[in-house]
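Quick notes on the structure that follows.
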Amino acid sequence: MKGSHSAGLLLFRHTDGGLEVLLGHMGGPFWARRDAGAWTVPKGEYDPEEPAWEAARREFQEELGLPPPDGEAVPLGEIRQTGGKTVTAWAVEADLDPGSIDPGTFTMEWPPRSGRTQEFPELDRVAWFGLARAREVIIKAQSAFLDRLAEHSA
């Protein structure tokens, strides 16, 4: 069933301050003033017929407007989010300038019941986070991806 599965890429880099991951802040009016729980692995939905790895790369391009980086893909497995969506992710070591993104957009009625539609970015910004800070802001269920990456990088 479409909508129940998402796939994404978690970029990571090694810095003098330790391991950092690239997260995206969810766009749109519901998330505008939120920080904790409003950041996510760049990801998107896919149909079960499409291989998850290909979906993760396609969604990275759609969400950030940049080609997905080449590099070894570290499988981070699956998690189930509160709403029931299953998310599959891979970590790829790469450096990316957050200022270079050109995010995809979505359209929704806003304000509610106004009859007007507005366009919003899928991700309104992206940023690098150390693992401790990333755990504070990422969607709760996705913190398992951070733990798995930390184990792999240890």
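The values are calculated or read from the model by the stated rules, or taken from the named source; none is laboratory data. None of these values were measured; they are calculated from a predicted model. Positions of Cβ are generated from backbone atoms using ideal geometry, with glycine treated the same way; all protein chains shown enter the neighbour counts. Heavy atoms of the whole protein, side chains included, go into the accessibility calculation; ligands, DNA and RNA do not. Shrake-Rupley method; radii C 1.70, N 1.55, O 1.52, S 1.80 Å.
Tabulated values for the structure
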| quantity | calculated |
| --- | --- |
| Within the chain, helix-based [θ] at 222 nm, where runs of 4 or more DSSP H residues each add -39,500 (n - 2.57), nearest 500 | -6000 deg cm²/dmol |
| For the stretch 93-154: span of alpha carbons on each principal axis (Å, largest first) | 52, 27, 15 |
| Accessible area of the chain belonging to carbon and sulfur atoms, whole % at 1.4 Å probe | 49 |
| Rounded to 10°, Cα long-axis angle of helix 52-64 versus longest principal axis of the chain | 60 |
| Peptide ranges 123-131, 20-28 listed from the most packed, as the mean C-beta count within 10 angstrom indicates | 20-28, 123-131 |
| Cα centre as origin, Lys/Arg/Asp/Glu Cβ charges: the chain dipole, Debye | 760 |
| The stretch 1-143: translational diffusion in µm²/s, Stokes-Einstein, Kirkwood Rh over Cα pairs, 25 °C, 0.890 mPa s | 157 |
| Accessible area expressed per residue, the stretch 1-135, with surrounding protein chains retained (probe 1.4 Å, Å²) | 52 |
| Cβ-based charge dipole, the chain, positive-most Cα from PHE30, PRO51, GLY104 | PHE30 |
| Estimated FRET transfer efficiency (ALA150, GLN118; beta-carbon r; R0 35 Å; 0.05) | 0.35 |
| Using a Förster distance of 22 Å, the FRET efficiency for TRP110-GLU50 (Cβ separation, nearest 0.05) | 0.15 |
